[in-house]
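Everything below concerns the one structure shown next.
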Amino acid sequence: MVIRSACVACTAALGISAALAGPQEVDAVYPAAHSLYLELHQQPELSGHEEHTAAKLAAQLRALGYQVTEHVGGTGIVAVLRNGAGRTVMLRTELDALPVEEKTGLAYASKVRTKDDAGNDVGVGHMCGHDLHMSALIAAATIMAHSRNTWHGTLVLIGQPAEETVSGAERMVKDGLFTRFPRPDVVLALHVGSEDPAGKVGVIPGIYDTNADSVRITIFGKGGHGSAPHTAIDPIVIAARTILALQTIPSREVKPGELAVVTVGYIRAGTKNNIIPDQAEMGLTVRTYKAGVRKQVLAAITRIATAEAQAAGAPRAPLIDRYEGADAVYNDPVLAAHMQAVLEAALGKDNVATREPFTASEDFSVFVEQGIPGFYLQLGGADPQQLAAAKAAGTTLPSNHSALFAPDVDPALHTAIAAEVAMLRDLLAGDAGAPLPVSGGHAAQTS
Ligand SMILES: [Zn+2]
Ligand SMILES: [Zn+2]
């Protein structure tokens, strides 16, 4: 794809750095970035087990002159490049892949299988695009290291483990990410998706995505013979009633117009058709934008699950366990508007759009909640022709986490590299004391 070269007069008028990544700079690093992508894609590792991935990135960053520390918060890496006085800016990539068997049929599709933490044999695939994020980060790191005359300050690049289990960011922070290493003035990240065509990016000011809560409900009944239900209390029937009643939370309890998603993603009970089991377990994902709605929905889940068990005469109240959670990512609106201008200058105005928030979630919010303004960019990843055909047919392309998720690598990776370099150079053009283009608010507004 063609990256529009910077117009010095227009960027100066916008008050942003003119030192954008030219197409030649991106083209020069692209072959290495693309082969790194293919390598990473074929060697995916599950959350918390990203040893080889982390070691590979660490070696490349060290060779570029970055000061690299490994094993930060598990398998995390932190790479620092000091280049005189100025601001400190952090760019993050995730390291992990998913327990999904890739079914794209691509020549470079992952064939990896492993045991997950529960001992199950699973296929492993980079079906969220983190391999593309890592390749872009290394390419941007290369350009920044080879063009130190275009910026000044401190660049901090991190490889975060275990994003998919929304635990890696917190582990890195607890392991001293912001105390053992230079504390950033701004944190940046991007994510590829199939909603937008490759070559384009989406800017979402304010709330970027949702609060996410994982809830496990264990319902207790009384086991018995399938032919004698009167001697038992059937937890499967209680679970079925609970699942349907939970759907009245978004439809009947939450104010229309407010986002609330309650999905029961699994239910496990029983072993044989003629046995009434003594318990049933189900797993929920709950998504909301607003803190008040989040609280309301979680309280309603507890109330409904407890009351359904009681209504059925269950021997004890269900166990309700909130075992994972992430707060919504908040994009500082002033920073987002500034970055939009920077990206328009770097990629062309037509390639940058303002987007609505997503219902996905992720733990980049942990960094922002440390009081550091953040900007999280949406990167288009869909093949433009396939996307147009899907839209015309009224369907959607396979989304992230699907076994068929396959970004259009060349334009998406080119754009990711150009966008990252443009944002880094702009933020690293200011003096240490110069005011940042931020509003000063952060995640407190969402939680
Ligand atoms: Zn992801
Ligand atoms: Zn994901």
Regarding the stretch 235-256, can at least one residue be identified that is in contact with a Gly (Cβ under 7 Å, 6 or more places away or on another chain), open to solvent by 10 Å² or more (accessible area, probe 1.4 Å), more than 22 Å from Y323 (Cα to Cα) and not in a loop (DSSP other than H, G, I, E, B)? yes
Residue that is surrounded by the fewest Cβ atoms within 10 Å (Cβ to Cβ) [pool: residues in the stretch 400-415 that are more than 14 Å from V201 (Cα to Cα) and touching a strand residue (DSSP E or B) at 6+ places or on another chain (Cβ under 8 Å)]: H401
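So is E195 within 16 Å of ligand 2 (Cβ to nearest atom) and either over 16 Å from the mean Cα position of the chain (by Cα) or surrounded by fewer than 24 Cβ atoms within 10 Å (Cβ to Cβ) (or both) or not?
Criteria met by E195.
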Residues of the stretch 152-176 that turn out to be away from ligand 2 (no atom under 16 Å from the Cβ), assigned to a loop (DSSP other than H, G, I, E, B) and open to solvent by less than 10 Å² (accessible area, probe 1.4 Å), as a count: 1
Out of everything in the stretch 120-151 that is more than 25 Å from A422 (Cα to Cα) and open to solvent by 10 Å² or more (accessible area, probe 1.4 Å), what residue ends up being farthest from ligand 2 (Cβ to nearest atom)? D121
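Among the residues of the stretch 257-280, which ones are in a strand (DSSP E or B) and either hydrophobic (A, V, I, L, M, F, W, C) or surrounded by 17 or more Cβ atoms within 10 Å (Cβ to Cβ) (or both)?
Result: A260, V261, V262, V264, I267, A269, I275, I276, Q279, A280.
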Is it the case that some residue within the stretch 90-100 is closer than 23 Å to P437 by Cβ, more than 16 Å from ligand 1 (Cβ to nearest atom) and either out of contact with any Ser or Thr (no Cβ under 8 Å at 6 or more places or on another chain) or in contact (Cβ under 8 Å) with a residue 24 or more places away in the chain (or both)? yes
Could you check how many residues of the stretch 149-164 are among the hydrophobic types (A, V, I, L, M, F, W, C) and more than 16 Å from ligand 1 (Cβ to nearest atom)? 4
Kindly indicate whether A360 is open to solvent by 20 Å² or more (accessible area, probe 1.4 Å), assigned to a loop (DSSP other than H, G, I, E, B) and within 16 Å of ligand 2 (Cβ to nearest atom). yes
Taking the conditions exactly as written (under 30 Å from H230 (Cβ atoms) and assigned to a strand (DSSP E or B)), does I304 satisfy them or not? no
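Residue-wise test of (1) within 20 Å of A162 (Cα to Cα); (2) open to solvent by 30 Å² or more (accessible area, probe 1.4 Å); (3) within 16 Å of ligand 1 (Cβ to nearest atom); (4) of a type in the set (V, I, T).
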position	(1), (2), (3), (4)
A345	no, no, no, no
G348	no, no, no, no
Y376	yes, no, yes, no
L379	no, no, yes, no
L387	no, no, no, no
Given the criteria farther than 26 Å from I372 by Cα, at pLDDT 95 or above, away from ligand 1 (no atom under 16 Å from the Cβ) and open to solvent by 10 Å² or more (accessible area, probe 1.4 Å), does V112 qualify? yes
Inspect all residues belonging to the stretch 175-188 and state whether any of them is in contact (Cβ under 8 Å) with a residue 60 or more places away in the chain and farther than 30 Å from D431 by Cβ. yes
Number of the condition not met by G283 [criteria: (1) in a helix (DSSP H, G or I); (2) open to solvent by less than 60 Å² (accessible area, probe 1.4 Å)]: (1)
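Taking A299, is it on the phi < 0 side of the Ramachandran plot and at pLDDT below 95?
Against the criterion (on the phi < 0 side of the Ramachandran plot and at pLDDT below 95), A299 does not qualify.
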Counting only residues that are open to solvent by less than 10 Å² (accessible area, probe 1.4 Å) and either among the basic types (K, R) or not in a strand (DSSP E or B) (or both), which one in the stretch 82-99 is farthest from ligand 2 (Cβ to nearest atom)? R92
Say whether the condition of being away from ligand 2 (no atom under 16 Å from the Cβ), exposed (fewer than 14 other Cβ atoms within 10 Å of the Cβ) and not hydrophobic (A, V, I, L, M, F, W, C) is met by at least one residue in the stretch 325-337. no
Under 8 Å by Cβ, and 6 or more places apart or on different chains, what pairs join a residue from the stretch 417-437 that is at pLDDT 95 or above and of a type in the set (K, R) with one that is part of a helix (DSSP H, G or I) and open to solvent by 10 Å² or more (accessible area, probe 1.4 Å)? R425/T150
What residue, of V342, V329, is within 13 Å of the chain's Cα centre (by Cα) and touching a residue at least 60 places away in the same chain (Cβ under 8 Å)? V329
Any residue at all in the stretch 239-260 that's on the phi < 0 side of the Ramachandran plot, touching a residue at least 24 places away in the same chain (Cβ under 8 Å) and within 21 Å of the chain's Cα centre (by Cα)? yes
Within the stretch 365-374, is there a residue that is more than 15 Å from the chain's Cα centre (by Cα), surrounded by 16 or more Cβ atoms within 10 Å (Cβ to Cβ), within 16 Å of ligand 1 (Cβ to nearest atom) and at pLDDT 95 or above? no
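The values are calculated or read from the model by the stated rules, or taken from the named source; none is laboratory data. In this text, all values refer to a predicted model and were calculated from it rather than measured experimentally. Virtual Cβ from ideal backbone geometry, glycine too; neighbours counted across all protein chains shown. The accessibility values were calculated without ligands, DNA or RNA, using every heavy atom of the protein model including side chains. Shrake-Rupley method; radii C 1.70, N 1.55, O 1.52, S 1.80 Å.
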